[in-house]
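Values quoted throughout were computed directly from the atomic coordinates according to the rules given, and no laboratory measurement underlies them. As the structure is a prediction and not an experimental result, all values here were calculated from the model. Cβ sites come from the backbone with ideal geometry, for glycine too, and all protein chains shown count toward neighbours.
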2 protein chains.
Amino acid sequence: MTEDRNRPIGVFDSGLGGLTVLRALHRRLPCEDLVYFGDTARVPYGTKGARTVRDFARQDAGLLVGLGVKLVVVACNTASAFALDHLQQILPVPVLGVIEPGVDAALRASRGGPVGVIGTPGTIGSGRYQEGLAQGLPGLPGLSPDRILVGECPLLVPLVEAGWVEHPATDMILETYLEPLRTGGVDTLILGCTHYPLLKGQIARHMGPDVALVDSAESLALAAETLLADLDLRRRDGLTGGERPSGSLEFHLSDIPWKFAEIGARFLGKPITDVRTVSLEEMEAAGRL
Amino acid sequence: MTEDRNRPIGVFDSGLGGLTVLRALHRRLPCEDLVYFGDTARVPYGTKGARTVRDFARQDAGLLVGLGVKLVVVACNTASAFALDHLQQILPVPVLGVIEPGVDAALRASRGGPVGVIGTPGTIGSGRYQEGLAQGLPGLPGLSPDRILVGECPLLVPLVEAGWVEHPATDMILETYLEPLRTGGVDTLILGCTHYPLLKGQIARHMGPDVALVDSAESLALAAETLLADLDLRRRDGLTGGERPSGSLEFHLSDIPWKFAEIGARFLGKPITDVRTVSLEEMEAAGRL
């Protein structure tokens, strides 16, 4: 059996959006091997019910555990919102979601609030960001509920996946979504979905230069680094340097969707090679792990 | 065992869009019992690969067969494009898709073309509408390929599901999608997705009063009536009138999604009551029928 610390980190997402998280992890932990699973056959999760998302997340995480990962990263905000506690109870490895790191980064970035969160209807409806911001974290006091503003943005995922980042309709839709947060005076805005970093420039333009944008991919990568160090699970050869300049990237998807090569490269920042397709039967079996 | 002709008609779709087809069937065949299955847990199909859509469609149709239907209607254009032949081979009951009825109606409505088709990337990419329009149907000559214009419209489904039918951004997106078809001079436009009838007014405004819009829901209902009559599968009590004014409607969904009540009522034209949720395990078992 491979020594625990030399096993890969597993990352799953509802689709390709989580590649922004993979990219951030690869940048921060360049020596670690990374295994990605995207549930492209059943994407999106953000408009679906809690039980469905939990059932899917159990299969997704089970698949990664079956591939021998040392840590499961839930890159999808909606899956983090509905399934993180459940996965932490049932999986034999540590599990990290994107919500707590995002809350941490937002509370550090804010100059007293209000703090805004944009996300899918599922993520916002779950109330997890709101709870996290209200409770605070060790050393970071929480916010009163009237200083937390949220926005459901169901159309941003399809716009990014259609490649319409620069289209004037996207600007019009962003204006509709962001106007209440801007006039509400937020000083910090959490981009609570893995697709939104691809709209960061447009969102920054709408919010103005004084609003800090918190990208959960970056915050998550930092949290993963800390957790692995705490658990003594960092790769040794990576830490001693020299011999192993770059960890491997491995891709598993439940479907090869429309414009996969183009959309995948946009999220990852480079072309995706060597993708393995996971069958329906394999997903079902993974949920029984 | 129930007499064949008294069994219900089964209708499935990737989600709630197929309710526009259910509605048209209920209007045209008011005495027939109708059973609807929407695969809301895995919607949309329109951006996913052929094999995935075929695997899903086999489960969806298998579920309806398990419920004792006498006819399976594939309301989803993408599933009709990728899976109709396959379902017709494996199912023990007749199967009707939406593409041939749409082609038939368009060839009848056209004054010589060009004919346009808008649909999801999957439907358009499959080439099924293009093949059908080029081949023609008995008594209806086909069109030369240069008189068939198509448009992939991946954003219209999310816009309709978000309830943004009247939003100016929807108009801007429609203009981008429809402009090449309008300037290409189409005299007939097939609305090749069950969501598009909800945008019929807006689409008509963009295309102008001289373009005939073909709604596949209406054409499908007519085709179902003809097929059932040909096979002697119409309900008898319905045909003799009086006693049985209205057939029942039954709903099965794989997820209760965001804004279900609101979106469902918009598609069906009235509130949906008594929904049964179908589990992942049940879907898997249905695919083995």
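Before moving on, here are some points about what is shown:
- Here r is the Cβ-Cβ distance between residue B:144 and residue A:172 and R0 is 41 Å; the resulting FRET efficiency, rounded to 0.05, is 0.60.
- With each label modelled as a point 7 angstrom along the Cα→C-beta vector, the residue A:4-residue B:246 pair spans 6.3 nm.
- Its Cα gyration tensor gives segment A:132-177 an equivalent ellipsoid. The semi-axes, each the square root of 5 times an eigenvalue, are 32, 12, 8 Å from largest down.
- For the peptides A:121-133, A:144-156, the ranking by packing is A:121-133, A:144-156, with the highest mean count of neighbouring Cβ atoms within 10 Å listed first.
- Charge dipole magnitude, Cβ of K and R +1, D and E -1 - segment B:100-216, Cα centre, debye nearest 20: 220 debye
- All-pairs alpha carbon distance profile, chain B, 10 Å steps from 0, percent: 7, 30, 36, 21, 6, 0
- Sorted by Cβ neighbour density within 10 Å, fewest at the top, the residues A:175, B:161: A:175, B:161
- Between the alpha-carbon centres of segment A:166-237 and segment A:84-139 there is a gap of 13 Å.
- Reachable aspartates and glutamates, given that their alpha-carbon falls under 17 Å from the alpha-carbon of residue A:48 and they are not under 8 places away in the same chain: A:13, A:39, A:60, A:152, B:13, B:39, B:161, B:255, B:262
- Per-bin percent of Cα-Cα distances, segment B:100-216 [5 Å]: 2, 12, 25, 26, 18, 10, 4, 1, 0
- In chain B, the longest principal axis of the Cα atoms and the axis of helix B:50-66 are about 30 degrees apart.
- Among A:234, A:23, A:42, the largest mean-square fluctuation in a Gaussian network model of chain A (Cα springs under 10 Å) belongs to A:42.
- For the protein assembly as shown: rounded, prolate or oblate by the Cα gyration tensor [a/c cutoff 1.5]: prolate
- Between helix B:99-109 and chain B there is an angle of about 50 degrees, using the helix long axis and the longest principal axis of the Cα atoms.
- In sequence order, calculated HN-Hα J values of segment A:8-14 (Karplus, 6.51, -1.76, 1.60; Hz; x Gly/Pro): x, 8, x, 10, 10, 8, 4
- In order along segment A:257-269, the phi-based Karplus estimate (6.51 cos²θ - 1.76 cosθ + 1.60, θ = phi - 60°) of 3J(HN,Hα) comes to x, 3, 6, 3, 4, 5, 5, x, 5, 4, 6, 7, x Hz; Gly and Pro are listed as x.
- Cα centroid of segment A:55-72 to Cα centroid of segment A:15-33, whole Å: 17 Å
- Helix B:168-183 and the long axis of chain B differ in direction by around 70°, with both axes built from C-alpha atoms.
- Within a Gaussian network of chain A (alpha carbon springs, distance under 10 Å), most fluctuating of A:136, A:208, A:18: A:208
- Lysines whose Cα lies under 27 Å from that of residue A:70, excluding same-chain neighbours fewer than 8 positions away: A:270
- 3J(HN,Hα) from dihedral phi, segment A:143-155, Karplus parametrisation 6.51/-1.76/1.60, rounded to Hz, x for glycine, proline: 9, 6, x, 6, 9, 10, 10, 10, x, 7, 10, x, 8
- Cα gyration tensor shape for segment A:165-207, rounded if a/c is under 1.5, else prolate or oblate: oblate
- For chain B, built as a Gaussian network whose Cα springs stay under 10 Å, the top-fluctuating residue of B:277, B:120, B:188: B:277
- In this Cβ point-charge picture (+1 for Lys and Arg, -1 for Asp and Glu), the protein assembly as shown has a dipole of about 40 debye about its Cα centre.
- Along principal axes, Cα extents of segment B:5-121, largest first, whole Å: 43, 35, 26
- Here's how it looks for residue B:190: its modeled amide H is under 5 Å from those of B:116, B:117, B:118, B:214, which are all 5 or more places away or on a different chain.
- Estimated FRET transfer efficiency (residue A:277, residue B:182; beta-carbon r; R0 30 Å; 0.05): 0.15
- Segment A:1-54 pair-distance distribution - Cα-Cα, 10 Å bins, rounded %: 23, 41, 26, 10, 0
- Amide H to amide H, with H built 1.01 Å from N, residue A:136 comes under 5 Å of A:142, A:143, counting only residues 5 or more places away or on other chains.
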